[in-house]
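Peer 1: Questions regarding the structure given below will be posed in turn.
The values are calculated or read from the model by the stated rules, or taken from the named source; none is laboratory data. Keep in mind the model is a prediction, meaning the values are calculated, not measured. Glycine also receives a Cβ, built like all others from the backbone with ideal geometry; neighbour counts cover every protein chain displayed.
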Amino acid sequence: MPSLRLRRGAAVLSLVTASVLALTACSTGTAPAAGGTGASGGAFPATVEHVYGKTVIESAPKNVAAIGWGSFDAAIALGTVPVTIPKATFGDSDGDGYLQWTKEALTSEKAKLPALHDETDGIPYEKIADTAPDLILGANSGLTKQEYDTLTKIAPTVAYPGAPWGTSWRESTTMIGAALGKAAEAEALIADTEKAMSTEMAKYPAATGKTGMVMWVDAKDLGKVQYYTPSDTRVQYLNDLGFATPQSIKDLAKGEKGFVGTISAEQADRLDADVAVIYVQGGDLSTLQKDPLLSRIPAVKKGAVALMDDEALLMAVSAPTVLSIPWALPTYAKMLGEAAAKA
């Protein structure tokens, strides 16, 4: 796959920049800098509901910290730069700890990059506390009740609303907008993102009416396949782009409580969708095509596959946000459109 830096169109950059400019103008008037988020406007106190109850934000937050996935992107797109965000440990093209779309949105506004904290071994409470946050955002995270209770001793904390790591980009944006007193701006940002997706997918009429699934295979263990359930953000993103979840995946997922299920290679032909988005760890599409069992997957047999062989793109579509969606959209839509043409 050619470099995403080269394939990312100027129109996409314009969409992100325009959104940030427009929404910032509605709230703070200028791009904020890390350490002084400048969140203002909206009705306070604001109340945000989540899995652990309700969080009340008494007044406009000044120092916002973010944990987990996506909350920092939504905040940045709404004109609020967090004082600290998680270090990117996957999909970071240049190894500086920032996801490319996040960094581009900040540098385009000449905003100072937030401090990074590492969540690899759990929530680093002291690192977060050192940034003196008055609000902690974790709308798409895996916070346990104990972690949530500990964070609330630092600052009011917004957890996820349903399943861990399962918050859609729309719901996350809505929650962050409410917490920052920017509900109307969040609603407008969601509408703009939806329009961008619709416009891009209209270029690929072959995708109309098609079904889609997302799966993961380890080249070192071809005896099983992992598929993502309808509750997963990857699948929901496919739905947003017009691909319905096939009945085969719905049936398989009925007994699954999480966002991913496993099926043996002997039953792989049950993974029946027009288009398959596939990540092959340690291999490529030929790994599946050469396997006597996995080659029976209908989409693999037809070549109707969007192969995720770029980590940045994979991260962008795995945890979609209002910044990562327009960043990856031209590349992802083209891949899906080409796959759909083969179906």
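Peer 1: Does Asp121 satisfy the condition of being in contact with a helix residue (DSSP H, G or I) (Cβ under 9 Å, 6 or more places away or on another chain), in a loop (DSSP other than H, G, I, E, B) and farther than 28 Å from Glu185 by Cα?
Peer 2: In short, no.
For (1) aliphatic (A, V, I, L, M); (2) within 27 Å of Phe259 (Cβ to Cβ); (3) in contact (Cβ under 8 Å) with a residue 24 or more places away in the chain; (4) in contact with an Asp or Glu (Cβ under 7 Å, 6 or more places away or on another chain), each residue gets a yes or a no:
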{"site": "Leu106", "(1), (2), (3), (4)": "yes, no, yes, no"}
{"site": "Asp118", "(1), (2), (3), (4)": "no, yes, yes, no"}
{"site": "Lys127", "(1), (2), (3), (4)": "no, no, yes, no"}
{"site": "Asn140", "(1), (2), (3), (4)": "no, yes, yes, no"}
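Peer 1: Run down Ala340, Ala306 and say which single residue is within 30 Å of Thr173 (Cβ to Cβ), assigned to a strand (DSSP E or B) and of a type in the set (Gly, Ala, Ser).
Peer 2: Working: Ala340 fails: assigned to a strand (DSSP E or B).
Every option except Ala306 fails the conditions.
Peer 1: Any residue at all in the range 168-183 that is surrounded by 16 or more Cβ atoms within 10 Å (Cβ to Cβ) and modelled with pLDDT under 95?
Peer 2: Taking every residue of the range 168-183 in turn, at least one turns out to be surrounded by 16 or more Cβ atoms within 10 Å (Cβ to Cβ) and modelled with pLDDT under 95.
Rundown of residues vs (1) out of contact with any Lys or Arg (no Cβ under 7 Å at 6 or more places or on another chain); (2) among the charged types (D, E, K, R); (3) within 24 Å of Met315 (Cβ to Cβ); (4) modelled with pLDDT under 95, yes/no style:
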position: Lys257; (1), (2), (3), (4): yes, yes, no, yes
position: Val260; (1), (2), (3), (4): yes, no, yes, yes
position: Ile278; (1), (2), (3), (4): yes, no, yes, no
position: Pro298; (1), (2), (3), (4): yes, no, no, no
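Peer 1: Sort out which residues of the range 186-241 are under 30 Å from Asp291 (Cβ atoms) and small (Gly, Ala, Ser), and write them in order of number. Don't jump to the end; show me each part of the working.
Peer 2: Within the range 186-241, the subset under 30 Å from Asp291 (Cβ atoms) is 204, 206-207, 209-239, 241.
Across the range 186-241, the qualifying residues are Ala206, Ala207, Gly209, Gly212, Ala219, Gly223, Ser231.
Peer 1: Right, next: Looking at (1) at pLDDT 95 or above; (2) more than 17 Å from the chain's Cα centre (by Cα), find the lone condition where Thr120 falls short.
Peer 2: For Thr120, the failing item is (1).
Peer 1: Within the range 96-118, can you find the residues that are among the β-branched types (Val, Ile, Thr), in contact with a helix residue (DSSP H, G or I) (Cβ under 7 Å, 6 or more places away or on another chain) and surrounded by fewer than 19 Cβ atoms within 10 Å (Cβ to Cβ)?
Peer 2: Step one: list which residues in the range 96-118 are among the β-branched types (Val, Ile, Thr), which gives 102, 107.
Checking which are in contact with a helix residue (DSSP H, G or I) (Cβ under 7 Å, 6 or more places away or on another chain) leaves us with 102.
Scanning the range 96-118 gives no hits.
Peer 1: Could you list, in sequence order, the residues of the range 319-337 that are part of a helix (DSSP H, G or I), out of contact with any Leu (no Cβ under 9 Å at 6 or more places or on another chain) and buried (at least 23 other Cβ atoms within 10 Å of the Cβ)?
Peer 2: Within the range 319-337, just Ile325 meets the criteria.
Peer 1: Can I ask one more? Need pairs with beta-carbon distance below 8 Å; first residue surrounded by fewer than 22 Cβ atoms within 10 Å (Cβ to Cβ) and within the range 225-251, second of a type in the set (Asp, Glu) and in a helix (DSSP H, G or I); sequence gap 6+ or separate chains.
Peer 2: Within 8 Å, the pairs are Asp240/Glu194.
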